[in-house]
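The values are calculated or read from the model by the stated rules, or taken from the named source; none is laboratory data. No experiment lies behind these values; they were computed from the predicted model shown. Don't worry about glycine lacking a Cβ; one is built from the backbone with ideal geometry, like all the others, and counts go over all protein chains shown. These accessible areas exclude ligands, DNA and RNA; they are computed on the full protein's heavy atoms, side chains included. Shrake-Rupley method; radii C 1.70, N 1.55, O 1.52, S 1.80 Å.
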Amino acid sequence: KGMRQMLKVKNLNVYYGGIHALKNVNLEINQGEIVTLIGANGAGKTSTLRAISGLIPYKSGIIQFKGKALKGVPAYKLVYEGMGHVPEGRKIFANLTVMENLELGAYSRKDKHKVKEEYASIFEKFPRLEERKLQLAGTLSGGEQQMLAIGRALMSKPELLLLDEPSMGLAPIIVKGIFEIIKEINQGGTTILLVEQNANMALSIAHRAYVLETGNIVTSGAAKDLMNNEDIKKAYLGE
Ligand code: ATP
């Protein structure tokens, strides 16, 4: 089948003042894939996602989304183009209800009359959210907040979904459930870039992976191969 390129990052360099956080990062995502970016604390995973979604500037390099260069396109406009971002720490609106948070996720939709169908599809994936529709988001459990953050991003019907450490701070059983839903979202046709410190979980659902170390991509390949790679096992899979 013909693979359409969803995202291409070429020689990306990001600095924070004098800190060279991303060093010539290259990566590609084809339509329909789950690609994961793994790496230790501070490796540059979040910076990569934030550069892609227009939240931080980059000094040099090219980021192409669906074949178009993105330089200077602000984050909110990328949502209209089909890029959804679930940020690190979830960033839900604590003083708004579950429904209100979801509603805000739909701001970019032109087909407002179809937004109702989106709630149904999100509640099907996350029945917990439906039970808690009118609850203030700040009172949800960590796992429920992560579900809400993902649901909110899905309200924009993204073609590419960027997920920043969905496992953060959650019990293994909850993480397992969330990763199953991520797989389901992908099977529904959404391409996914998943940033994770939990390499085991990430590799278990991804098609391909990239490994970041202090701002450099040091390895990439099929997720299956990386899972069986001795160096990766030692460094990232707790073996
Ligand atoms: P984590 O998993 O801990 O979030 P990460 O792999 O996502 O780590 P980044 O958050 O992208 O890593 O950080 C990469 C490097 O850039 C780190 O050394 C970090 O200290 C630095 N950095 C990130 N944001 C800033 C900032 N706003 N100002 C200065 N340095 C920053």
Next item on the list: Report the calculated FRET efficiency for ASP225 and TYR76 (r = Cβ-Cβ distance, R0 = 35 Å), to the nearest 0.05.
Entry: 0.40
Next item on the list: Quick one: plug the Kirkwood hydrodynamic radius of the stretch 116-194 (C-alpha pairs) into Stokes-Einstein at 20 °C, 1.002 mPa s, and report D in µm²/s.
Entry: 167
Next item on the list: Can you check what the net charge comes to around LYS133, using other residues whose Cβ is under 13 Å from the Cβ of LYS133 (Lys, Arg +1; Asp, Glu -1)?
Entry: -3
Notebook entry, point to check: Can you give the extra length, in nm with one decimal, that the chain gains between LEU104 and LYS233 once fully stretched, where that is 0.36 nm per residue apart less the Cα-Cα distance?
Noted result: 42.4 nm
Check: Nearest-5 percent of antiparallel DSSP beta bridges in the chain?
Finding: 55
Item checked: Loop-located trypsin sites (Lys or Arg not before Pro) in the stretch 1-36, at most 10 other Cβ atoms within 10 Å (DSSP) -> LYS1
Margin query: Loop-only trypsin sites (Lys or Arg not before Pro) in the stretch 81-135, please: DSSP not H, G, I, E or B, and at most 10 other Cβ atoms within 10 Å.
Written below: LYS110
Next item on the list: If a/c stays under 1.5 just call it rounded; otherwise compare a/b with b/c (prolate if a/b is bigger, oblate if not). Do that for the stretch 31-110, with a ≥ b ≥ c from the square roots of the Cα gyration tensor eigenvalues.
Entry: oblate
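If Lys and Arg each add +1 and Asp and Glu each add -1, what is the summed charge of the other residues whose beta carbon sits under 10 Å from the beta carbon of PRO166?
Details: positive: ARG90; negative: GLU88, ASP164, GLU165, GLU196.
So the environment of PRO166 carries a net charge of -3.
Under the rule of -39500 (n - 2.57) per DSSP H run of 4 or more residues, summed and divided by the residues of the chain, what mean residue ellipticity at 222 nm is obtained, to the nearest 500 deg cm²/dmol?
It lands at -10000 deg cm²/dmol.
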Next item on the list: May I have the extent of the alpha carbons of the stretch 78-125 along their three principal axes, as whole Å values ordered from largest to smallest?
Entry: 29, 24, 20
Notebook entry, point to check: Relative to the present Cα-Cα distance, how much length would full extension add between LYS10 and ASN26 at 0.36 nm per residue of separation?
Noted result: 5.3 nm
Next item on the list: Leaving out ligands and nucleic acids, note down the accessible area per residue over the stretch 103-192 with a 1.4 angstrom probe, in whole Å².
Entry: 48
Next item on the list: Let me have the relative contact order for the chain, percent, based on Cα pairs under 8 Å that are six or more residues apart.
Entry: 28
Next item on the list: Enter the per residue convex hull volume of the stretch 149-239, computed from alpha-carbon coordinates, in Å³ rounded to the nearest integer.
Entry: 108
Next item on the list: Would you tally the net charge around THR36, using a Cβ to Cβ cut-off of less than 14 Å, leaving THR36 out, and scoring K and R as +1, D and E as -1?
Entry: -2
Margin query: Just to compare against my own numbers: the Cα pair-distance distribution for the chain, 10 Å bins, whole % per bin, please.
Written below: 8, 33, 37, 20, 3, 0
Margin query: Taking R0 as 30 Å, what FRET efficiency do you get between ASN216 and ILE173 from their Cβ-Cβ distance, rounded to the nearest 0.05?
Written below: 0.30
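Report, to one decimal in Å, the Kirkwood hydrodynamic radius for the stretch 175-228 based on all distinct Cα pairs.
11.8
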